[in-house]
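The values are calculated or read from the model by the stated rules, or taken from the named source; none is laboratory data. Worth saying up front: this structure is predicted, and the values here are computed from it rather than measured. Reconstructed Cβ throughout: ideal geometry from the backbone, glycine too, with neighbour counts over all protein chains shown. Calculation scope for accessible area: heavy atoms of the full protein, side chains included, ligands and nucleic acids excluded. Shrake-Rupley method; radii C 1.70, N 1.55, O 1.52, S 1.80 Å.
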Amino acid sequence: MRAPDRFEQYHRYKTAVAGEPLPLALIDLDYVDHNLGVILEAARVGHKALRLATKSVRAPAVIDHLVEASRGAIAGVMAYAVTEAALLVEGGHTDVLVAYPSVQASDVELLVALNAGGRAKVGIVVDCAEHLDCLEAVAAAKNVVVPVIIEVDLSLRLFGGLLHLGAYRSPLRSAAGVLALAREVRTRSHLQLDGVMGYEAQMAGVGENNPFTRALNPVKRLVKRLSLPMIRRRRHEVRATLVADGFALRVVNGGGTGSLTTTRHEDAVTEVTVGSGFLCSHLFDYYASLRGLLPAAWFALQVVRVSDPGFVTCHGGGLIASGEPGRDRLPLPHLPPGLRLTRFEGAGEVQTPLCGRGAYELRPGDPVFFRHAKAGELAEHFTEYLLVRGAKVVGRAPTYRGLGKDFL
Ligand SMILES: Cc1ncc(COP(=O)(O)O)c(C=O)c1O
């Protein structure tokens, strides 16, 4: 599928949302299906299963659509909270990996309950003995076995750790460290080591062709080049060491959308996580390796003012993404083409001015379609996604927020 003509696309969505109150959020299922095809093909090259990062979608009907349309290639889901995992299990998901640890009693009790009865396998990431102790206490009391996944750190640490490039996540940075914790798991009668996970954030979460950080792009490329051999070696050593010690690892999870083309080639990896690529929020335009994904999610705002020739003001718009603050965290006006945020106002809380040649054609009442920087966070601002094919709304998918759920 070729990138659509943006004038034609604008008029298509304008027709689709006519009469709908703005602001609204929209997903184009044709582009979601296209992106799924691109991602499945990329994963097939490396013979890897996929795990869907639900945090980058946050709308159960869209998650289910992707899993069903993948025809088994998406083998499980990656949740970001135990409470979210409960919703996913309720919805029929049977292989859930909670990729972020929790030690609060309500989460531990819920996790144990989810694993009781064998309806689903819900594992959780651990990286220290305290994590194991809280899980074991409740699991033993209920006589339930809880799967755990040990996370190994894959950040690039230079100069003896003084320079840390990547995410601050697990303190385990060697195969020996992972093995020591795996042996601790073995001593807990109600925990079972299901696998290991390593998230190479400096590869998967950093676009090296970012137009908002041009001066830093060469540095990002260098960090990626230096990281890759270390990541491959560490994951390989972790797996080999655990297997040599008698552990059967069902899951060796790695990556994210931004590292799919490298993580897929690692023999040690059994599955690659992908989430953001399905909706292709604008930060995912800036990866050199990722070709062919098309934007599939937008939010639409109403033009309410024409303050000057070539300037319009929209109602709402301040949907700023998390992470290191910067202009790349702002939403991008995408349709019609030829619009940009103004230098000094950015995306405002209640009003967002736009300028550019596209503004001359717009009148109060017209919609403008924006892309969010991050795929999942868009869902936190809306109760539903309008699902569009062609110029028609073909369905509505409640977001977690629309279901009254706030997991973070
Ligand atoms: C453990 C893990 N895997 C994968 C991802 C990335 O998923 P996506 O494809 O949405 O970038 C993340 C994102 O933070 C993560 O924490």
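Observations, loosely collected:
- Condition met for Val77 (surrounded by 23 or more Cβ atoms within 10 Å (Cβ to Cβ) and away from the ligand (no atom under 16 Å from the Cβ)): no
- Checked against (1) part of a helix (DSSP H, G or I); (2) open to solvent by less than 10 Å² (accessible area, probe 1.4 Å); (3) away from the ligand (no atom under 13 Å from the Cβ), Val67 passes all but condition (2).
- Among the candidates Val103, Val125, Val144, residue that is without any contact (Cβ under 8 Å) to a residue 60 or more places away in the chain, open to solvent by less than 20 Å² (accessible area, probe 1.4 Å) and outside any helix (DSSP H, G or I): Val144
- Filter result for Arg51 (under 24 Å from Ala99 (Cα atoms), more than 16 Å from the ligand (Cβ to nearest atom) and either in a loop (DSSP other than H, G, I, E, B) or not aromatic (Phe, Trp, Tyr) (or both)): no
- Subset of the stretch 70-91 that is assigned to a loop (DSSP other than H, G, I, E, B) and touching a residue at least 24 places away in the same chain (Cβ under 8 Å) - its residue that is farthest from Asp153 (Cα to Cα): Gly91
- Scope the stretch 1-30; condition open to solvent by 90 Å² or more (accessible area, probe 1.4 Å) and either in a strand (DSSP E or B) or in contact with a helix residue (DSSP H, G or I) (Cβ under 7 Å, 6 or more places away or on another chain) (or both); matching residues: Met1
- Once the stretch 282-301 is narrowed to residues that are within 11 Å of the ligand (Cβ to nearest atom) and of a type in the set (Phe, Trp, Tyr), the residue that is nearest to Ala73 (Cα to Cα) is Phe284.
- Residue match in the stretch 138-148 (condition: under 23 Å from Asp95 (Cα atoms) and either within 16 Å of the ligand (Cβ to nearest atom) or within 24 Å of the chain's Cα centre (by Cα) (or both)): yes
- You will find that of Gly258, Gly277, the residue that is in a helix (DSSP H, G or I), in contact with a Ser or Thr (Cβ under 6 Å, 6 or more places away or on another chain), at pLDDT 95 or above and within 21 Å of Phe212 (Cα to Cα) is Gly277 and no other.
- Residues of the stretch 225-281 satisfying the condition of being acidic (Asp, Glu) and away from the ligand (no atom under 15 Å from the Cβ): Glu237, Asp245, Asp267
- Count - residues of the stretch 296-345 that are open to solvent by less than 20 Å² (accessible area, probe 1.4 Å) and aromatic (Phe, Trp, Tyr): 2
- For Leu87: the one exception among (1) over 17 Å from the mean Cα position of the chain (by Cα); (2) over 15 Å from Gly376 (Cβ atoms); (3) open to solvent by 10 Å² or more (accessible area, probe 1.4 Å): (2)
- Hits in the stretch 366-408 (condition: open to solvent by 10 Å² or more (accessible area, probe 1.4 Å), within 16 Å of the ligand (Cβ to nearest atom) and more than 13 Å from Ala297 (Cα to Cα)): Glu380, Phe407, Leu408
- Residue list for the stretch 172-201, filter: open to solvent by 10 Å² or more (accessible area, probe 1.4 Å) and within 16 Å of the ligand (Cβ to nearest atom): Leu172, Tyr199, Ala201
- Screening Val62 on (1) assigned to a helix (DSSP H, G or I); (2) more than 15 Å from the ligand (Cβ to nearest atom); (3) hydrophobic (A, V, I, L, M, F, W, C) shows it passes everything except condition (2).
- Test for Gly117: is it part of a loop (DSSP other than H, G, I, E, B), open to solvent by 50 Å² or more (accessible area, probe 1.4 Å) and away from the ligand (no atom under 16 Å from the Cβ): no
- Qualifying residue in the stretch 180-203 (condition: more than 27 Å from Val108 (Cα to Cα) and assigned to a helix (DSSP H, G or I)): yes
- Filtered by the rule that a residue be open to solvent by less than 20 Å² (accessible area, probe 1.4 Å) and either in contact (Cβ under 8 Å) with a residue 60 or more places away in the chain or under 19 Å from Leu290 (Cβ atoms) (or both), the stretch 245-265 gives Val251, Asn253, Gly254, Gly255, Gly256, Thr257, Gly258, Ser259, Leu260, Thr263.
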